[in-house]
Structure formats: structure tokens, C-alpha cells
Amino acid sequence: MFVDTVIEDKALHKPAFLIGLSLTVLAIFFALNFTNSLFGEFLRPVIGDPTESGFFGRFAVSLVLTIIFVLNLFAISFFKLKVQVAIVWLELFLLFLAFAYSFDLKMSFIQSRIPLMITRGLFTTIYISAISIVLATVIAIIGAIAKLSNNGFAYAISSFYTSLFRGLPLLLQLFLIYKGLPQLGFMVDAVPAAITALSLCYGAYMTEIFRAGIQSIPRGQWEASRALGFKFNLILRKIILPQAVPIIIPPTGNQFIAMLKDSSLASVLGVWELMYLARTLGQRDFRHMEMLLTAAMIYWALTIVLEVIQARIEEKYKQKS
Amino acid sequence: MMDTKTNIPNNTEMTPVISLKGVSKWYGDFQALSNIDLEIKLKEKIVICGPSGSGKSTLIRCLNRLEAHQEGTIHVSGIELHERMKDIDVVRQDIGMVFQSFNLFPHLTVLENCMAGPNWVRGVDKSKAKERAIAMLEQVKIPEQADKYPEQLSGGQQQRVAIARSLCMQPKVMLFDEPTSALDPEMVAEVLDTMIELAKSGMTMICVTHEMGFARQVADRIVFMADGEIVEQNSPEEFFNNPQHERTKVFLDQILK
């Protein structure tokens, strides 16, 4: 983003802002009331029994939390940007861990189930997503070209397709394909049905992304190519698409990440992917949170991998130009 | 010329390489060109000038059918340009065009920009195309920039690359659509010098430009347009010293001030 060359005073270093921030945070903490949490326990020497401490205890807990919070922000504000980002990431991650820890998780239960979640669940999730990503990309390229063509049939079919598949909930498409096709005489297993639904749905979204990418290339590129006597296919392949790809990558990466997570919808068809295992493995022992949080961490890790790959590709194109 | 097949038959000095008869064009209700008659002979250098909105760019863009005319006929070396023609690409390969905004391919290096045409559509093999590209870059005096990308070059250099890219196709005719209008003043001269050299080499050239010094020096004929019509056409001598029409006089007054 564009950063101006004029440096403004940091808001956190202005007394008025600090006071305003402190009062606001104090009000929020007071409203949320942390007296009965771990924090109240910590302050037991001061406020006595947290449950009995009443208004004074509630205020004391809020005040201590506010001081910690604001001092933390104030301290972080003196670091360089990169260090700030790292510290804030770490703190938020620790908060998330604390959130998870507060469920009283049984680690041995997680350890005993994680091999199955990875060999079966993670594998199936990646398998479904990877095939769908490839198919959706192929559909999107064809759809985008059809949508930009002067051929009435091509435009009609592609615009009908994007309208229909962007217009229906993915879950509904999944059921229509899985339950509908057998009634027409085509037996489909759950996994192919899920791949078909994901490819068609995300193909429709990505058709629009690819179309916009192609249209964003200046008209002059077409004119110069035409003036050299290039034919349509050549222009598209050698001139337009190579320039459109760097524009298409960020939104497409978004779609890939969304698709990876939407593959969890296949669990409603009984496919043994991550989400299905997360829901079922913990059921018998009432250890839901263990499995759900494990699945959450795996999904998160997967999307981080995709984000890194996307960043790498973007970097590569940046260097080239 | 050399190793490639040329698609347009060689003309004698007598027959026009481009001829327009009664050409008209409308954008909706607005008439951009009205009843244009124009003949251009081989090796002739034409400068088209006129106030903005007079139809000069539209006219030159009709000559390789980047724009479609609606009435009249346009012949390029005897081949009529019309909407049902199958081989427009073949005609275009023989007509080079240089644009106001350069329109180089930003994802290709200067050398690749110049090799693309011959290699992809003329069927010239890569080493030959490269040889020719380097020769043309030498002709426009920037062979040392061959491996750079267009955005690393100045405007003037980019436009010279655009000229080289067109020349690599070994065209019969070169069209220039305000080639210096987007340039910083100090870069205009280097592009005009390139065009003057090209003119000396005997290229048939049609230039839309406001550079009257260039017109005086190079043009065989100056065509003055206003409101979609050709108001008058004459040799530079006559055009500048003895303009016939009131509109021409007004235009020259403004531009030569």
C-alpha cells in the first residue's frame, strides 16, 4: 500500500488517546466481567473470594486487565514494524492456545486419534481439493473465454452456467448431484460427487475472476497484436493470458483456500475427510473439542501452506516484471 | 525482400498501394469520416494532419481495419478490406503500425517483442528472427537494450522499439498514429529521426502527426482533415505557403504560432 512520507505522531504516545483508550477498554472489561475466570483467581489475595467480591472485585479485575493491556500496547509501540507484527502474532496465538486449553483437553486422546485423522482425513481432504482445484481451473479458463466470445451459444451456455452455480448454495449442489444423478441412472460415489460439485461451483466463481483478469489487459495489446497479423488464439495464448496471470493469482489463491475448507461439506455425504472424522471420532467419548480443535489446526496449517505458495508465485512474477 | 513470402503483390510506381473511394464511417449518429477519397502510391510519404476530432486517427485505423468503415471501398494492394474477408491477417502482416501509446508487449523483452511477429506468424525460425530483430534494433539505434523489458526504457526508446517491431515483419506500408504525442519533448526528436531515416530508405509511410517540421521535411503530400472530411491535400511547399481553405489557414495559424 502507499505509505506517505510524512511521519505522524503515534496515537499511543498521545496522553489524550491513551486515557480514552484506557477508559474504553476498562468499560469493555467491566462489561464482560472476568471475575469468575482465571484472572479473578489470580487476584484472590486482593479481592478475597472472587464469587463474593461483588462490585469491587469486578472493578479491580477490570482495572488490572486494562493496565496490562494498555501497557502491553504502549511497550509494543516502541518496536520496529516487523517486531511489532511478530509480537502481536505471538500474543494472539498464545491467547488462542489459552482458549483451547480452557476446554480441559485430553492430549492422550488427541494423540491416539491423530494418525487416523492424518492418514485418512487429511489425505482425503487434500485429494478432493487438489483434483477440484485442477478441474475448476480448466473450467474457469474455458468459461472465461466463452463468456468473452462473440459466439452466441458459447456466451449463453457460459453465462447460464455461472449464474446457476453461483446462485445455488454449494451444499445444495452437493445433494443435487449426489441424490439427483442416481435417479437419472448415473450412480455416483460420494467422493466423485463432492469433486464434481466443488469443481463446478468454484469453476463458476473462477470463471468470473479469469474473465475480469483477461478484460483488465489494455485494449492496445489486442490492437498491436492484430496489427501484426496475429490470430485470436495466438493473441490469447501468447499475449493476453501471460499478462492476465499475475492479476488473476491473488483472487484465485483466495478461491483455492476457500475451496479447501469447503471440501469439509463432503462430510455430509459420509466421506471420511477431516471434518467427518473430527465430528465422529470424538463422539463416543464425548471428546468433541479435542477432535474439532485438531481439525481446526490442520485446516489452518493447510491454508497457511497455500498462502505461502501464493506469496511465492506472486513474488516470482514481481521479479519478472 | 529477403527470405519471407510477401502477401501483397509488388506494385509498380503507377498503381496505388492504398486507395479509398467514398469511405464513410459513423459512431452511432456521429459521422467520423465522410466520403473520403485518397490514393497512396508505393514509396509515397503522406502526412495527415488536422484539429483533434477531425477523423485522422479513425482514417489511418481503417487502413488495416482496426476500425471498420461502413460505406465506400478501401483497397490495399488490390485487396479490398471488408467485413467478410478471410485473410485480413495476411494483409495486416504487410502493414506495420505504430501507436501513440507504443503498445509494446510488457511481458516480453525488447528482443522478444521484435521476434514475435516473424517467428509466430511469418514462420521465420528463431535464429533468423533474432538476427533480423537485432538488425532492426540497430537500425533504430538501440541494440544494447535488446534484453531489457519495455518498462525499463524511456518513452522515446519504447517507441523506437515499436517501430523496430513493425519493421521486423518487413511491411510494405508503415502507418504512424501520432507516434510522438505521448512523448516528453526531449524524446520527440529521436523518434522523428528514426522516421526520417525510414523515409529515406524508401518506405511507404502514412503518418498522423502534429510535427509540422517533420511534415515539411519528409512528406510528399500533406492531407488536411477537418470534421471527418479531407479539406485539402497538397505538397508541403504549397500547403504551408499557399493554403487554399479558410480552415487550413486557421489551423496553420494556431499550430505554427
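Under 16 Å Cα to Cα from A:Lys82, which lysines show up? Leave out anything in the same chain fewer than 8 places away.
Filter leaves no residues.
Per residue, how large is the accessible surface of the range A:239-293? Use a 1.4 angstrom probe and give square angstrom. Mind showing how you got there, number by number?
Working: 2310 Å² over 55 residues.
Using a 1.4 Å probe on heavy atoms only, each residue of the range A:239-293 averages 42 Å².
Over chain A, one equal point on each Cα, no solvent: what is log10 I(q)/I(0) by the Debye formula at q = 0.11, 0.13, 0.14 Å⁻¹?
-0.98, -1.11, -1.15
Determine the gain in length on full extension of the stretch A:Leu32-A:Leu176; use 0.36 nm per residue of separation and subtract their C-alpha separation, reporting nm with one decimal.
Difference between extended and current length: 47.4 nm.
Please compute, for peptide B:106-116, the average count of beta-carbon atoms on other protein chains lying within 10 Å of each residue's beta-carbon.
Average neighbour count from other chains, rounded to a whole number: 3.
Distances longer than 18 Å among the Cα atoms of the range B:76-224: what percent of all pairs is that?
Cα-Cα pairs of the range B:76-224 separated by over 18 Å account for 57 percent.
How large is Rg/Rh for the range A:33-146, to two decimals, with Cα atoms and a Kirkwood Rh?
With Rh from the inverse mean 1/r over Cα pairs, Rg/Rh is 1.24.
Restricting to chain B, what percent of DSSP beta bridges are antiparallel, rounded to 5?
Rounded to the nearest five, the antiparallel share is 55 percent.
At a 1.4 Å probe radius, carbon and sulfur cover how many percent of the accessible area of the range A:167-321?
63 percent
Which value, in Å to one decimal place, does the Kirkwood hydrodynamic radius take for the protein assembly as shown when every pair of different Cα atoms is included? Could the numbers behind the result be given before it?
Values: mean 1/r = 0.0331 Å⁻¹.
Final number for the Kirkwood radius of the protein assembly as shown is 30.2 Å.
Please compute one quarter of the surface area of the Cα convex hull for chain B and express it in square nanometres.
Over every viewing direction, the Cα hull of chain B projects on average to 14.0 nm².
Helix B:246-256 against the longest principal axis of chain B: what's the angle in degrees, Cα atoms only, rounded to the nearest 10?
So the helix axis and the longest Cα principal axis differ by about 50 degrees.
Once you list every other residue whose beta carbon is under 14 Å from the beta carbon of A:Thr35, what net charge do they have if Lys and Arg are +1 and Asp and Glu are -1?
After counting each charged neighbour, the total is -1.
Using a Cα-Cα cut-off of under 15 Å, which aspartates and glutamates could be cross-linked to B:Lys257, ignoring same-chain neighbours fewer than 8 residues away?
Within the straight-line limit of under 15 Å, B:Lys257 reaches these aspartates and glutamates: B:Glu211.
At what distance in angstrom do the alpha carbon centres of the range A:120-171 and the range B:205-257 lie from each other?
The range A:120-171 and the range B:205-257 have Cα centres spaced 56 Å from each other.
Can you give the average number of partner chain beta-carbon atoms within 10 Å of each beta-carbon in peptide A:240-249, as a whole number?
Mean number of neighbouring Cβ atoms from other chains: 1.
Amide H of B:Asp94 versus every other amide H placed in the peptide plane: which residues, excluding those fewer than 5 positions away on the same chain, fall under 5 Å?
none
Compute the convex hull volume of the Cα atoms of the range A:231-321, divide it by the residue count, and report the result per residue in Å³ as a whole number.
About 102 Å³ per residue, rounded to a whole number.
List the accessible area buried at the contact between B and A, summed over both sides and calculated with a 1.4 Å probe, in Å² to the nearest 100.
Chains B and A together bury approximately 1800 Å².
Helix-derived [θ] at 222 nm for chain A: sum -39500 (n - 2.57) over DSSP H runs of at least 4, divide by residue count, nearest 500?
For chain A, the value works out to -23500 deg cm²/dmol.
Go through the range A:238-304 and name the trypsin sites (Lys or Arg not before Pro) that are in a DSSP coil and have 10 or fewer other Cβ atoms within 10 Å of their Cβ.
Hits after loop and neighbour filter: A:Arg284.
For A:Phe123 and A:Phe153, compute 0.36 nm times the residue count separating them, minus their Cα-Cα distance, and round to one decimal in nm.
Taking 0.36 nm per residue and subtracting the Cα distance, the gain is 6.8 nm.
Arranged from highest to lowest average of other beta-carbon atoms within 10 Å per residue, in what order do the peptides B:221-227, A:4-10 appear?
B:221-227, A:4-10
Where does each of B:86-94, A:101-109, A:17-25 land if you order them by average Cβ count within 10 Å, highest first? List each step's numbers first, then the result.
Numbers: B:86-94: 17.9, A:101-109: 11.3, A:17-25: 13.8.
Those peptides, ordered most packed to least, come out B:86-94, A:17-25, A:101-109.
Can you give the mean number of other chain Cβ atoms that lie within 10 Å of the Cβ atoms in peptide B:90-102?
Taking all residues of B:90-102 together, the mean is 3.
If amide H atoms are built 1.01 Å from N in the plane of the peptide, which residues on other chains or at least 5 residues away come under 5 Å of the amide H of B:Val17?
Amide H to amide H, under 5 Å and 5 or more residues apart or across chains, B:Val17 pairs with B:Ile40, B:Lys41, B:Leu42.
Treating the angle as unsigned and between 0 and 90°, give the value, to the nearest 10°, between the Cα long axis of helix B:126-139 and the longest Cα principal axis of chain B.
The helix B:126-139 is inclined about 50 degrees to chain B.
Kyte-Doolittle cut-off 1.6, length cut-off 18 Å along the helix's own axis using Cα: show which whole DSSP H helices in chain A pass.
What comes out of the filter, once short or polar helices are dropped, is A:15-32, A:54-76, A:81-101, A:123-148.
Please give the Cα centre distance for the range A:199-223 versus the range B:60-122, rounded to the nearest Å.
First find each Cα centre; the distance between them is then 25 Å.
In degrees, nearest 10, range 0 to 90: what is the angle between the Cα axis of helix B:185-200 and the longest Cα principal axis of chain B?
90 degrees
Percentage of Cα-Cα pair distances in the range A:126-204 greater than 17 Å, rounded to whole percent?
Counting every Cα pair in the range A:126-204, those more than 17 Å apart make up 50 percent.
For the ranges A:251-257, B:247-253, what's the packing order if you count other beta-carbon atoms within 10 Å of each residue, average per peptide, and put the highest first?
A:251-257, B:247-253
The values are calculated or read from the model by the stated rules, or taken from the named source; none is laboratory data. All figures in this text were calculated on a predicted structure; none of them were measured in a lab. A quick note on method: Cβ atoms are made from the backbone with ideal geometry, for glycine too, and the neighbour counts reach across all protein chains shown. Remember, those area values only see protein heavy atoms, side chains included, never the ligands or the DNA or RNA. Shrake-Rupley method; radii C 1.70, N 1.55, O 1.52, S 1.80 Å.
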